[in-house]
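A.B. asks: Please find one structure pasted underneath; my questions will follow.
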């Protein structure tokens, strides 16, 4: 496997099996031909987010067209730990950071949540498509074999109404007397979810509602007020360190 690590790696949303011939998208053809300057016969790695990773050979490549043939399996499928990241949308470039880092850090689901103080909005079509593209790019670059599911934006009350109480909901409570994050997270195993509030934090009413739920676990992220994107990455990293696959 090690000798293949430097090969370009692409997400291909097709059924993958040895011998299959697959036509890549125009953007992927451009990337391989114009950016990487690969020719017919060159090898790449492909994965579809569900099954194994495969070695493939470019059998045809042109300006807007490329075809590959699957050669052999390189790695078997492997799922990430059952941890979700729920976040209140913030500024566009910071949303991008959250999506990228949540994918890198192994979140199984990424879910935008609309809270009382959420200001930024995600456009139903273009915004979700952009986040999907960011997930794919992050997975390609970090050797991840699966893709996190991307949930449609939900209001906080709707999210809580249908919550599965078997899944612990962890939320950063900057105004409360919660246990330090590392101490609290060490006691929580999957399935779990992390909820990060907006730039203005949760309202007192939201905090009261969350704390009243038997499945909610408030945590304290320390003496410094973290940006929402920093809090998301920090909490996911802590959870992976004490309860995940690190």
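The values are calculated or read from the model by the stated rules, or taken from the named source; none is laboratory data. In this text the structure is predicted, and so the values were computed from the model without any measurement. Methodologically, a virtual Cβ is constructed for each residue, glycine included, from the backbone with ideal geometry; neighbour enumeration extends over all protein chains shown.
A.B. asks: Residues being more than 19 Å from residue 78 (Cβ to Cβ), under 25 Å from the mean Cα position of the chain (by Cα) and crowded, with 18+ Cβ neighbours inside 10 Å: count how many of those fall in the range 30-54.
C.D. replies: Here is the first cut: in the range 30-54, the residues more than 19 Å from residue 78 (Cβ to Cβ) are 30-44.
With the extra rule that they be under 25 Å from the mean Cα position of the chain (by Cα), the set shrinks to 31-32, 44.
Next, only the ones that are crowded, with 18+ Cβ neighbours inside 10 Å stay: 32, 44.
Qualifying residue count for the region: 2.
A.B. asks: Kindly indicate the residue of the range 150-166 that is out of contact with any helix residue (DSSP H, G or I) (no Cβ under 9 Å at 6 or more places or on another chain) and not in a loop (DSSP other than H, G, I, E, B) and also farthest from residue 191 (Cα to Cα) among those meeting that condition.
C.D. replies: The extreme case among them is 155.
A.B. asks: What about residue 94, is it outside the structural domain of residue 9 (by TED's automatic domain parsing) and in a loop (DSSP other than H, G, I, E, B)?
C.D. replies: Details: outside the structural domain of residue 9 (by TED's automatic domain parsing): yes; in a loop (DSSP other than H, G, I, E, B): no.
No: the conditions fail for residue 94.
A.B. asks: Quick one: which strands (runs of 3 or more DSSP E) lie wholly within the range 27-82 and hold at least 3 residues that are closer than 13 Å to residue 7 by Cα, touching a residue at least 24 places away in the same chain (Cβ under 8 Å) and not assigned by TED's automatic domain parsing to the domain that holds residue 138?
C.D. replies: Values: elements: 43-47, 53-61, 66-75.
In the range 27-82, the matching strands (runs of 3 or more DSSP E) lie at 43-47, 53-61.
A.B. asks: A follow-up question, please. Out of the residues in the range 55-88 meeting the condition of being within 30 Å of residue 230 (Cβ to Cβ) and surrounded by 22 or more Cβ atoms within 10 Å (Cβ to Cβ), tell me which one is farthest from the chain's Cα centre (by Cα).
C.D. replies: Filtering the range 55-88 for residues within 30 Å of residue 230 (Cβ to Cβ) gives 78-88.
Filter once more, keeping what is surrounded by 22 or more Cβ atoms within 10 Å (Cβ to Cβ): 83-88.
On the way: 83: 10, 84: 9, 85: 8, 86: 11, 87: 12, 88: 15 Å.
This residue is 88.
A.B. asks: Residue under question is residue 136, and the condition is that it be part of a strand (DSSP E or B), within 30 Å of residue 7 (Cβ to Cβ) and assigned by TED's automatic domain parsing to the domain that holds residue 239; does it hold?
C.D. replies: Details: part of a strand (DSSP E or B): no; within 30 Å of residue 7 (Cβ to Cβ): yes; assigned by TED's automatic domain parsing to the domain that holds residue 239: yes.
Judged against the criteria, residue 136 is not a match.
A.B. asks: Within the range 236-246, does at least one residue satisfy the condition of being modelled with pLDDT of 90 or more and under 23 Å from residue 116 (Cα atoms)?
C.D. replies: The answer is no; no qualifying residue exists.
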